[in-house]
């Protein structure tokens, strides 16, 4: 007696209501890879920082995982299927996903009326460990990478990630899209995938926990392993640069908060004293009687050695002495004293 065929709608609703443990009992394959094991495959990026510091930085690269293996075994919220335009199954990863998910996947896909290149549609995962399957149709490149092929492949990742966001999914696994029989060169395909994902995560970093690039071939693994650090290195440098700039700005704010009081006060005192000296000099030019008093006061404060030196210099210039020599003897020490006093006040 043959089994009764399941109705995909009923089956989908039933599976979506089940707990993870209950669903695990119904996986078609007993072997599966839970998310925590997938995440452990992420290359170590130890920098000597503690976990708290790493969490503060929240680098985009921390959300990216490179995994080599069978995408149909991943226990994630959704896996992406590199489908053909009919969505009814085909070769490569498309055929593997349909086979592992069971007939309900085919039945639901049949109702979707196909999919255009660059677009994406979502179905249940059924017998797969993943809850959903996102189907996207990549461009047929046949070795040629032009503007159209680049835009179409970019759209595949963008539209798939849009569905991830719309359905509030926290983890998704991508295969290599269009690199099989569609002939998109592996390296440009990886570069487009990483660039597009990085751009999306920048805008939606709080909407996703893990994006897995699941590759099957060793060649693709090497390409992604090389390109992931390159693509996300710029982001790491930008983050470090921003952290340094923020730290410098904070230090400057602290310095400007503490120092200006003393510095401004010192500058104000210097300017006030300088203005006072200039004002006194100006008054001295306009009022000779006041200047005379100041001169006499300064002469009285003049050390004897300085007065004698000035007198000697005056006699040398005017050997005959007399009132002229006497006048010069008084003025020169006074002028010198004013200059010295002004310099000392400013330095204080």
- Figure the gain on full extension for residue 119 and residue 181 (residue separation times 0.36 nm, minus the Cα-Cα span) and round it to one decimal in nm. 20.4 nm
- Message: Which log10 I(q)/I(0) values does segment 8-244 give at q = 0.09, 0.13, 0.16 Å⁻¹ under the Debye formula, counting every alpha carbon as one identical point scatterer?
- Response: -0.37, -0.77, -1.15
- Assuming a ≥ b ≥ c are the square roots of the Cα gyration tensor eigenvalues, decide whether segment 51-184 counts as rounded (a/c under 1.5), prolate (otherwise, with a/b larger than b/c) or oblate. oblate
- Can you give the extra length, in nm with one decimal, that the chain gains between residue 112 and residue 225 once fully stretched, where that is 0.36 nm per residue apart less the Cα-Cα distance? 37.1 nm
- Message: Sorting check: for 178-185, 130-137, 154-161, which peptide has the highest mean count of neighbouring beta carbons within 10 Å, and how do the rest follow?
- Response: 130-137, 154-161, 178-185
- Task: Could you please rank 121, 202, 99, placing first whichever residue has the fewest other Cβ atoms within 10 Å of its Cβ?
- Result: 202, 99, 121
- Query: Once both labels are modelled 7 Å past Cα along the beta-carbon direction, what's the residue 36-residue 147 spacing in nm?
  - Reply: 5.1 nm
- Where the centroid of each part is defined by its Cα atoms, how far is segment 214-229 from segment 75-101 in Å? 20 Å
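Give me 63, 162 ranked fewest to most by other Cβ atoms within 10 Å of their Cβ, as a rough exposure proxy.
Going from least to most buried by this count: 162, 63.
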- Message: Taking only the Cα atoms of segment 104-246, how large is their convex hull per residue, in Å³?
- Response: 125 Å³
- Highest mean first, what order results for 122-129, 5-12 on Cβ atoms within 10 Å? 122-129, 5-12
- Taking 0.36 nm per residue of separation between residue 25 and residue 86 and subtracting their Cα-Cα distance, the length gained on full extension comes to 18.8 nm
- Task: Give, as ranges by residue number, the residues of segment 103-128 whose backbone N falls under 19 Å from the point 7 Å along Cα→Cβ of residue 166.
- Result: 108-126
- Item | Packing-based order for 100-106, 186-192, 24-30, using average beta carbon neighbours within 10 Å, highest first | 100-106, 186-192, 24-30
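Since every read-out is calculated from the coordinates, none of them should be taken as a lab result. Computed from a predicted model, the values in this text were never measured in an experiment. So basically every Cβ, Gly included, is an ideal-geometry build from the backbone, and we count neighbours across all protein chains shown.
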